[in-house]
Amino acid sequence: MQKADALYNQITQRKSVRQYKMDALDAETLQKIDQFIQQLVPMDSEIEVTFTRTPYEAMGKLFSIKAPYYMTVASEPTGNYLENAGFMLQQLDLFLPTLGLGGCWVGMAKPSKSVGFNKSHEFIIAYAFGTPEIFEPRTSVTQFSRFPLNKIHKGEQYSELIELARLAPSATNSQPWLYVDAEESIHIYRIRQNIFKGLIFERLNRIDVGIGLFHLYIAALVKGFTPSFTIVETPEIKDYQYVMTIKFN
C-alpha cells in the first residue's frame, strides 16, 4: 500500500474537524485527493464502490455541516458492503491531514438528488473535508476519549495492534467493536443492539467496524504482518455478533 507509514502515523494524531474555511482547494491538492481515491484498498475487492467528490451546494442541508467538499460513497449492496465502505473511506480520513486538511464523518447527511449514483448502488455515507479553521492534530493518545483496551479486547498477543484499532472514530463515539485473539488471527465482533437502537445504529455501527478494521489492517501491515480477511467458525459471545476474522499468515 502506498504511503502506509504516513497513514499509520496519522492514527495517533487524527482529529475530526467540524469548522472549515469555505475556500476552494487548489487544483494540485484536488488532484492528489482524486489520485488517492483511485488507489484505495478494499476489504473485499468483489464489491463495487463509487466515491464522488461533492460540493457543499450539492448536499442536502439537513444534518450536513458546512464544509467546502464532501466525499459521498455509494456501493453495491452485497456482503459486508458497509464494513467495506468504512474500511476504504477511513484511508482518506488518515490521508487528508498529510496535506494539512481535515475531515469529518457525517453519518446522517445525504447528497441532493442532483448527485447521481449507479442505479444498482446504494448511498452509504458522506464525509466532509476541506481546510480547517484551526489545524489541531492530537499530540497524545490521552487526548482520545476511548474505552480502555480491556473492554474491547480479549487476549494479550495482539494488544499492540488493537491499541491502534481502539483509537478509530465511530458514530456518537459508540465504539461497537470487540477483538478476540486467536491463533495467528483476530476475530472481530460487533455489539448486538436492541431493536430500537438497531434501527438507528446498526447501519452506522457496521461502517464503524470497517473503520476500526482499517486501523487494525494498516497497523498489522506496518508491523510486518500480511493481513487478510476471512469468515470462520467462532464461539458465540453474549451481546456481540461475529463479523469476520483478520488472519496474519
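Please treat every number below as a calculation from the coordinates, not as lab data. What you are looking at is a predicted structure, and each value in this text was computed from that prediction instead of being measured. Positions of Cβ are generated from backbone atoms using ideal geometry, with glycine treated the same way; all protein chains shown enter the neighbour counts.
When the chain is treated as a GNM, springs tying every alpha-carbon pair under 10 Å, which of Ile37, Ile231, Ile65 comes out with the largest mean-square fluctuation? In the Gaussian network model the winner is Ile231.
Let me spell out the model: positive unit charges on the Cβ of Lys and Arg, negative unit charges on the Cβ of Asp and Glu, origin at the Cα centre of the range 19-78. What dipole size does that give, in debye rounded to 20? Before the final figure, lay out each step's value.
Details: 5 positive and 9 negative charges, 81 e Å.
Charge dipole, the range 19-78, about its Cα centre: 380 debye, nearest 20.
In the elastic network of the chain, a GNM with C-alpha springs shorter than 10 Å, the most mobile of Ser145, Ser159, Ser228 is Ser145. For trypsin sites (Lys or Arg not before Pro), the sites in the range 19-80 that DSSP calls loop and that have at most 15 other Cβ atoms within 10 Å are Lys21, Lys61, Lys66.
Taking Lys and Arg as +1 and Asp and Glu as -1, the other residues whose beta-carbon sits under 11 Å from that of Tyr242 total 0.
Of all complete DSSP H helices in the chain, those with a Cα span along the helix axis of 24 Å or greater and a mean Kyte-Doolittle hydropathy of 1.0 or more are 195-222. Among Gly107, Gly116, Gly210, the residue with the largest mean-square fluctuation in a Gaussian network model of the chain, with springs joining Cα atoms closer than 10 Å, is Gly116. Considering the options Pro132, Gln39, Leu216, tell which one lies farthest towards the positive end of the dipole of the chain, charges being +1 on Lys and Arg and -1 on Asp and Glu at the Cβ, about the Cα centre. Selected residue: Pro132. If only the Cβ of Lys and Arg carry +1 and only the Cβ of Asp and Glu carry -1, the dipole of the chain around its Cα centre is close to 820 debye. Positive-end ranking of Phe144, Gln19, Pro55 along the dipole of the chain, with charges on Cβ about the Cα centre, is headed by Gln19.
Give me the count of lysine pairs in the range 4-130 whose alpha carbons sit under 18 angstrom apart, restricted to pairs 8 or more positions apart or on different chains.
So the count works out to 7.
Expressed in units of 2.2 N^0.38 Å, where N is the residue count, the Cα radius of gyration of the range 171-249 is 1.13.
Distance between the 7 Å Cα→Cβ label points at Ser112 and Glu46: 3.9 nm.
Taking Lys and Arg as +1 and Asp and Glu as -1, the other residues whose beta-carbon sits under 12 Å from that of Phe201 total +3.
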